[in-house]
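*Asks:* Okay, handing you the structure first.
The values are calculated or read from the model by the stated rules, or taken from the named source; none is laboratory data. Worth saying up front: this structure is predicted, and the values here are computed from it rather than measured. All Cβ positions, even for glycine, are placed from backbone atoms using ideal geometry, and neighbour counts span all protein chains on display.
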Amino acid sequence: GPAAAAPAEVQLSRRRWAVLLLFSSYSLCNAFQWIQYGSINNVFVRFYGVSAFAIDWLSMSYMLAYIPLLFPVAWLLDKRGLRLIALAGSALNAVGAWVKLGSMKPHLFPVTVLGQVICALAQVFILGMPSRIASVWFGSHEVSTACSIAVFGNQLGIALGFVVPPVLIPNVEDVEKLAYHISIMFFMTAGVASALFILVILVFKEKPPNPPSRARASIQSRPIAEYSYMQSILRLLCNANFLLLMVTYGLNVGCFYALSTLLNRMVIHHYPGEEVNAGRIGLTIVLSGMVGALIAGIWLDKTKTYKQTTLVVYIMSLVGMIIYTFTLSLGHLWVVFVTAGMLGHSMCMVPAWFKEKNCLLFPSVICMCFIRIFGIAFTIGQGQIMDHFETQAGNLFLCSFLFLGTVMTAFIKADLRRQQANLENEQT
């Protein structure tokens with residue numbers, strides 16, 4: 001009889017770290033552009049002569065753009081692979097940054113909206129990448145860590161988006177001087193985004209020469225005809241555990257998006273003239289969360305306790321949000337920094353959820369759609385409550401949904417299919 005086909009050789013590529021670092025860098029740049037308006041909301045309100053709600057929509061445009069483009073981009077990633085998606089995401093990110101340079105006059109607010117929308121389109125090509133890069137380029141013992149590092153870039157970009165704009169753009173009365181400082185930030189962003197796009201062209205490859213794990217080798221050995229994108233989506237939507245995961249993930253990260261978008265308004269309301277410290281509070285939230293993210297990635301790689309870790313971190317998110325809610329108005333900024341750090345540390349849930357999403361079933365970006373829906377709803381809802389009542393009422397609004405998410409998380413059953421695939425391949 002014919003000889004049996006030799007199994008694909010499993011070997012790790014040195015290029016994997018360069019690919020991961022490059023992706024993390026342009027994800028950072030895109031995340032920076034998401035929050036750069038919201039972190040100095042009051043300054044842009046005065047410069048463009050628009051409402052605070054209009055500036056909030058510059059951040060919410062990221063959430064809105066994702067919803068209709070989720071499935072087309074996921075289909076492209078599935079059919080055309082990593083390199084095309086990486087090129088599209090980094091290119092749109094650079095184009096959007098350059099368009100914003102044309103909005104340096106108060107009457108040119110529509111131009112800055114256009115630039116932000118282009119950047120929002122870019123993030124659709126970015127957010128579905130971490131799990132795919134981790135599975136295509138990294139071994140089974142590195143997947144959680146790689147996923148955490150990939151998300152780390154996005155979180156660092158948000159951190160810089162909080163702290164850099166208040167430093168570069170002082171709250172001055174002179175409109176011409178204000179335009180000059182805004183242009184400096186936009187020029188720096190456009191330069192970095194363009195350099196990263198060039199590096200993606202030169203460095204980013206579709207996949208390594210050899211599969212990095214037995215599970216990946218098994219996937220690559222299957223006939224393409226076995227895959228059906230729409231059937232995969234339908235199977236996901238018929239899985240109760242995935243539906244619970246989808247909603248609870250959306251609730252938690254949607255609350256984080258609302259908190260990030262409205263942070264400047266909350267802090268300035270209680271501490272007028274503290275734009276720089278408002279940015280530093282945002283930085284504290286994200287940096288403490290990034291530390292937690294790295295710890296969570298390493299912990300999950302070693303223990304594989306995805307369900308238990310996620311539930312604990314969800315409870316920490318709820319407790320942190322409650323403490324932050326009742327200490328924000330005490331009149332002591334140092335207290336806000338401490339409680340914000342406690343809240344931020346629980347945001348290590350973000351990469352933990354990225355990993356659990358992959359291990360419960362298989363890589364999917366459907367959860368990100370729910371994040372956007374909840375993010376828009378929570379931002380609008382909390383903003384309206386803050387306008388008509390107080391910031392505390394707006395934060396309690398978020399606390400109620402975090403409590404709901406905690407209860408729902410307890411009912412999710414771990415279904416570690418990728419882990420089982422690796423185990424079966426090792427045994428055979």
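*Asks:* Could we say that residue 109 is surrounded by fewer than 22 Cβ atoms within 10 Å (Cβ to Cβ), among the hydrophobic types (A, V, I, L, M, F, W, C) and in contact (Cβ under 8 Å) with a residue 40 or more places away in the chain here?
*Replies:* Details: surrounded by fewer than 22 Cβ atoms within 10 Å (Cβ to Cβ): yes; among the hydrophobic types (A, V, I, L, M, F, W, C): yes; in contact (Cβ under 8 Å) with a residue 40 or more places away in the chain: yes.
So residue 109 fits the description; yes.
*Asks:* Looking at 73, 113, 151, which one is part of a helix (DSSP H, G or I), modelled with pLDDT of 90 or more and either under 21 Å from the mean Cα position of the chain (by Cα) or not assigned by the TED database to the domain that holds residue 189 (or both)? Even if it seems obvious, please write down each step before you answer.
*Replies:* Numbers: 73 fails: modelled with pLDDT of 90 or more; 151 fails: modelled with pLDDT of 90 or more.
Result of the check over 73, 113, 151: 113.
*Asks:* From the set of residues in the stretch 157-180 that are touching a Leu at 6+ places or on another chain (Cβ under 6 Å) and part of a helix (DSSP H, G or I), which is farthest from residue 40 (Cα to Cα)?
*Replies:* Restricting attention to the stretch 157-180, the residues satisfying the condition of being touching a Leu at 6+ places or on another chain (Cβ under 6 Å) are 157, 159, 162-163, 172.
Within this subset, residues satisfying the condition of being part of a helix (DSSP H, G or I) are 157, 159, 162-163.
Details: 157: 16, 159: 13, 162: 8, 163: 10 Å.
Applying the filter and picking the extreme gives 157.
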